[in-house]
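Let me begin by presenting the structure, written as structure tokens, before commenting on it.
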Amino acid sequence: MKRSDKEELVRGLKKKMEGADALYYTDFTGLNVKRMTELRRNFRKAGVEYVVIKNSLALRAVNESGLVVPKLKGPTGVVIAKDAIVAAKLLTEFAKKNEERPSVKGGLYEGASIDGALVKKLALMPTRDEALGQFLGYLNSVLSSFAGVLEARKVQLESSEPAPATTESAAPSTEAAAEPAAPSTEPIPPQASA
């Protein structure tokens with residue numbers, strides 16, 4: 001491969017990495033062409049890029065981006081993702097189905113170096129869409145509970161209001177019967193002696 005071709009590969013990889021949230025380095029040893037094609041197809045559907053490149057060129061592209069990566073050994077495939085969790089989920093699900101291949105060597109997440117165990121932990125987290133769905137579900141349940149409480153209070157207030165009297169001959173209310181009679185202010189007439 002000519003030097004100009006290598007420089008072009010490095011520039012292309014560096015450009016792809018600029019908008020990426022995460023980079024995962026994988027060892028794809030043991031995957032046949034059919035499995036590699038399936039893996040790339042899964043990544044492509046999710047908007048994730050998978051590039052197989054020489055370690056020295058991958059390191060050069062990463063270092064030119066201002067990030068620091070330990071030396072890579074063996075065949076390396078680079079997962080370039082704007083959504084780190086989606087990429088981690090796809091990678092770990094595929095590995096479970098294919099005898100833990102490709103194996104994760106490590107990577108970068110938001111500029112920090114991570115290992116394969118952290119990639120598996122990222123895969124357990126909900127994706128952005130799942131998290132938003134959960135949040136909206138919680139918000140909806142709180143709002144519906146609040147609306148139920150308001151409706152119950154409204155019914156309670158409506159039932160406690162006294163009914164207006166329609167006729168004067170209506171039976172005396174129980175409130176009036178329960179109250180003691182007020183003392184009269186008129187003078188008491190003298191009693192006749194017998």
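Of all lysines in the structure, the ones whose alpha carbon falls short of 26 Å from that of Lys16, not counting any fewer than 8 places away in one chain, are Lys2, Lys6, Lys34, Lys45, Lys54, Lys71, Lys73, Lys82, Lys89, Lys105, Lys120, Lys121.
Across the accessible surface of the stretch 56-152, with the other protein chains kept in place and a 1.4 Å probe, carbon and sulfur atoms take up 61 percent. Label sites at Met36 and Ala117, each approximated as a point 7 angstrom past Cα along Cα to Cβ, lie 3.1 nm apart. For the Cα trace of the stretch 1-157, dividing Rg by the Kirkwood Rh returns an Rg/Rh value of 1.21. The heavy atoms of Val104 present about 40 square angstrom of accessible area, all protein chains included, probe 1.4 Å.
When the solvent-accessible surface of protein heavy atoms is calculated with a 1.4 angstrom probe, in what order do Met17, Met125 fall, highest first?
Details: Met17 15, Met125 90 Å².
Most to least solvent-accessible, the answer reads Met125, Met17.
Figure note: Phe146, Phe94 ranked by solvent-accessible area, largest first, 1.4 Å probe, ligands and nucleic acids not counted: Phe146, Phe94.
Which number comes out as Rg/Rh for the stretch 36-95 once both Rg and the Kirkwood Rh are worked out on C-alpha atoms?
0.98
The values are calculated or read from the model by the stated rules, or taken from the named source; none is laboratory data. None of these values were measured; they are calculated from a predicted model. Counting neighbours? That spans all protein chains shown, and the Cβs are built from the backbone with ideal geometry, glycine included. Remember, those area values only see protein heavy atoms, side chains included, never the ligands or the DNA or RNA. Shrake-Rupley method; radii C 1.70, N 1.55, O 1.52, S 1.80 Å.
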